[in-house]
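Trainee: Below is a structure I'd like to ask you about.
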Amino acid sequence: MPTTLVAPKEALIAVIGNPNTGKTTLFNKLTGKRQRVGNYPGITVEKKTGRLEISGRQINLVDLPGAYSLAATSPDERVAVDVLTGNSDLPTPDLVVCVADAANLQRNLFLAMQVADFGLPMVLALNMTDEAGKLGIEIDVDKLSAKLGIPVVPMVAVKSQGLDQLKLAISAALERPQIPLTVNWPAGVTDALDTLEAGLANGEGEPLTHAELRRILFDADSALLERTGVHKDKIRPLLAAAREHLFKAGMNPLAAEALIVYKHLGSLLADVEQHHDTGKVPFSDKLDRVLTHRVWGLLIFLGVMYVVFQSIYAWASPFMDAIEWLTKLVQEPVSAWLASSPVLQSLFADGVIAGVGGMLVFLPQILILFFFIALLEDSGYMARAAFLMDKLFSWCGLNGKSFVPMLSGFACGIPAVMATRTIEDRKSRLTTILIAPLMSCSARLPVYVIMIGAFIEPHYGAKWAGFTLFAMHLLGLTIALPLAWFFTKFMFKGKSQPFLLELPPYRWPAPLNVIWRMWERGGQFVKRAGTIIFAMSVLIWALCYFPRPESVEEQAKQEVVQSEQAKGSTLTAIDEQLAKADSPLALALEHETASAYLEQSYMGRAGKFIQPLFAPAGFDWKITVGVLASFPAREVIISTLGIIYNLGTDVDEESDDLKSRMASEHWTSGPLKGRPVFNVPIALAIMVFFALCMQCGATVAIVIREAGLKWGIFSFAYMTVLAWIGSVLIYQIGMRIFA
Amino acid sequence: MNEWLDKIIVSVLILWALGYVVWITVKKFKRPGCGDSCSCDAKKLAKNLSRKGR
């Protein structure tokens, strides 16, 4: 008799757990993916999916944002509830893998009990058992499994310990699903539930399960309310009537669930978990006495940040020189090869290579910055920094949870805005969305480095250069706090919520994680240089190169000749000089012609038209063009200046890098004629403008998506005005001091 | 090199650059991406599973 092999159907498994319990680490280990992990809560704010195969069965794994409970009050927690209740774009999962921190079992099982209430099959992954062991916590896994009625797998996900056992448990649970034993709800709760169920029976919404009704009963403002189909005004008296049963039974409705479940867990764990006194104060606690100290902690934090930025500045130099050398190695032969075609020579040598190469020079700084960010995140220090900042934040009316998004902002504005999803209160979330882009993202780094390298370091030395870099990164945070105070005081009077942050234990950063983070961010930087920067370089070159009437060259020659005649040279002598390609006069003519072409190009005309707007900040038309071209992406200024100064100078000029070209730039007209365009106040004004301005199309787009078009436009407008005011102030004050 | 060929190469590159910048800007505004918090895979999976009748 022929047999037919039927492939088992694809399964959907959700990974859930408290924040920072290693869910994403486990997800990455199981699926081979490289989702971002870190040693502080709130990194995952959206569901992520991956695939794996266990015993020939295809499995789709969904990594959910961390949640302490299913009382979904913030957008990221709601994602978890929606997936578990089948209310998202995904179907209800076939199995839930609940990841619990073995060192905080009771609190982690609170969430597991809430998930269990939904009647979904579950496997408990008891993670970080090594750390629990060090704290003297001993867990009887078999007993726990028997009491919960589900498989329990002890593991250390980061070391891949217990991974095979977990796969076996998942495979078995898919074959024979085991639903966890849950709490026996007392009479007060069941009576309240009956009242609620009867009251909602006439609603137009979909019928809700008992677990879903319990969420509505226990949670202050449940996300499931809208599914009842009953108007909020009508549901309030109904909820009050149902909760009256809880009051009568001596329970506060909003605390009832926690009291009942923790009592249940207390007796469940009584003979499962043993705490042995190790007689030692944990290493993390010892360190925290200093690192979270209200005075020493803050000083150490500032010191750490200072060292980070000094190192970024100092370590990158040799690597930058190497990239500059490589750029020249490409630029010179390309330029020589295309010598017969001036337009192509200019496009590739002055446009593409100067633009893209000028950007790539900053790759070492980006890599070093992310090396430190990864170290600080993985070690657990970033969570301490959030703790230290809470007092400062609450002073300006900001939610303590705002620090994690702002911290992410130092890497990139997009994840920073996304990370505000952990904030429950909409008004606090909006305030954080508006100020998060002020944090100095990695795209600002090249602008700071080039200005500091050209105008601060040569005058004041490497120490002040590092300090300026540190100060520029602090500037955004310093401005953000009073702005947050203004927003919360006058625009969004949000609820001030307590900041609950679980301080993770200090851990040695995993070298692979650090390398991966550098690789990932470095890759993104190179990709941007090869795509958007490349395209922008071509466009900026075209706008700086065209139109190209011959009359410009003739006029420049006439001016040079007239000036030489005025000095007493004869026409024949001038012609002889101009005939020699490397004579000073021929070079002066070449320079004059290049400048004249640039000034009458489309970009030159636009820059000169808009320049008066930026004149109070000391910007000439070339800087103005750089600033304007940087609105889609701020790092474009580097390639723009690279192209402008390459096109505006003769090819044989000795000062062949962008820094020295900027330093040798002089005003050619106006009251400042003959004086250097760049000086310390202008360099500071440019840096302040870039620190405060929203020059990132992608961040504007994400603000629009997360907060709406109105707030996207508002954040762009207020940051642009703020940047202009900041740069004008710095320039005007600076000129009075430095003049 | 032929002057016409130069002009064609430059024009093609400029048109490509212009098209790319417009395309990437429109794309960013329509689908801003997620930074490090992408759920795009989840949406693909949902489509895939609904096609398979789940």
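Trainee: Step through the table entries A:LYS33/B:LYS27; A:LYS232/A:LYS710; A:LYS47/A:LYS143; A:LYS234/B:LYS30, compare each Cα-Cα distance with 30 Å, and write down the pairs that go over it.
Mentor: The pairs that break the limit, which is 30 Å between Cα atoms, are A:LYS47/A:LYS143; A:LYS234/B:LYS30.
Trainee: Further, regarding this structure: Distance between the C-alpha centers of the range A:338-399 and the range A:690-709? Whole Å please.
Mentor: Here the two parts' Cα centres lie 17 Å apart.
Trainee: So how much slack lies between A:ALA566 and A:LYS248, counting 0.36 nm per residue of separation and subtracting their Cα-Cα distance, in nm?
Mentor: Fully extending the segment from A:ALA566 to A:LYS248 adds 103.9 nm.
Trainee: Using the basic label-point model (7 angstrom from Cα toward the beta carbon), what is the A:ARG107 to A:LEU181 distance in nanometres?
Mentor: 2.6 nm
Trainee: What distance in nm separates the two pseudo spin-label positions at B:TRP23 and A:GLU206, each 7 Å out from Cα along the beta-carbon direction?
Mentor: Spacing of the two 7 Å Cα→Cβ label points: 3.9 nm.
Trainee: Can you give the longest run of chain A that contains no GluC sites (Glu not before Pro) sitting in a DSSP loop with at most 10 other Cβ atoms inside 10 Å?
Mentor: It works out to A:205-653.
Trainee: Please compute the length gained on full extension between A:ASP164 and A:ALA255, using 0.36 nm multiplied by the number of residues separating them and subtracting their Cα-Cα distance.
Mentor: 28.8 nm
Trainee: Helix-only mean residue ellipticity at 222 nm, chain A, DSSP H runs n ≥ 4 weighted -39,500 (n - 2.57), per residue, nearest 500. What is it?
Mentor: Rounded to the nearest 500, it is -19000 deg cm²/dmol.
Trainee: Mind jotting down the three principal axis lengths of the range A:187-275 based on Cα atoms? Whole angstrom, largest first.
Mentor: 50, 25, 19
Trainee: Express the accessible area of the protein assembly as shown per residue in Å², computed with a 1.4 Å probe while the remaining protein chains stay in the model.
Mentor: Here the residues of the protein assembly as shown average 45 Å² of exposed surface.
Trainee: Also, quick follow-up: What is the Å³ per residue value for the convex hull set by the Cα atoms of the protein assembly as shown?
Mentor: Considering the Cα atoms of the protein assembly as shown, their hull volume per residue is 211 Å³.
Trainee: Below 23 Å, Cα to Cα, which lysines can A:LYS622 reach? Residues fewer than 8 away in the same chain don't count.
Mentor: In chain and number order, the partners are A:LYS608, A:LYS659, A:LYS673.
Trainee: Only Cα pairs under 8 Å and at least 6 apart count here; give the relative contact order of chain A as a rounded whole percent.
Mentor: Relative contact order here is 11 percent.
Trainee: With the dipole of the range A:290-441 worked out from charges on the C-beta (+1 for Lys and Arg, -1 for Asp and Glu) around the Cα centre, which of A:GLY397, A:SER317, A:LEU376 lies farthest toward the positive end?
Mentor: Checking the options against the dipole of the range A:290-441, the answer is A:GLY397.
Trainee: What aspartates and glutamates could a cross-link reach from A:LYS280, if we take a straight Cα to Cα line under 17 Å and drop same-chain neighbours fewer than 8 places away?
Mentor: Leaving aside aspartates and glutamates fewer than 8 places away in the same chain, those within reach of A:LYS280 are A:ASP130, A:GLU131, A:GLU138, A:ASP288.
Trainee: Hey, any idea what the orientation-averaged projected area of the convex hull of the range A:11-175's Cα atoms comes to, in nm²?
Mentor: 8.8 nm²
Trainee: Within straight cross-link reach of A:LYS48, meaning Cα distance under 19 Å, which aspartates and glutamates are found once same-chain residues fewer than 8 apart are removed?
Mentor: A:GLU10, A:ASP63, A:ASP76, A:GLU77, A:ASP82, A:ASP89, A:ASP94, A:GLU520, A:GLU706, B:ASP36, B:ASP41
Trainee: On to the next question. Am I reading the A/B interface right? What is its buried accessible area, both sides, 1.4 Å probe, to the nearest 100 Å²?
Mentor: When A and B are taken together, about 3200 Å² of accessible area is lost.
Trainee: Related question: Given contacts defined as C-alpha pairs under 8 Å and at least six residues apart, what's the relative contact order of the range A:85-149, whole-number percent?
Mentor: After rounding, I find 37 percent.
Trainee: Just to be sure I understand the model, the point goes 7 Å from the Cα along the line to the Cβ. What's the resulting A:ALA336 to A:TYR718 distance in nm?
Mentor: About 5.7 nm separates the two model spin labels.
Trainee: Efficiency by 1/(1 + (r/R0)^6): what FRET value for A:LEU500 and A:VAL526, r their Cβ-Cβ distance, R0 = 51 Å, to the nearest 0.05?
Mentor: After rounding to 0.05, the efficiency reads 0.80.
The values are calculated or read from the model by the stated rules, or taken from the named source; none is laboratory data. None of these values were measured; they are calculated from a predicted model. Note that we place each Cβ from the backbone using ideal geometry, even for glycine, and neighbour counts take in every protein chain shown. Note: accessible area is taken over every heavy atom of the protein model, side chains too, but ligands, DNA and RNA are not part of it. Shrake-Rupley method; radii C 1.70, N 1.55, O 1.52, S 1.80 Å.
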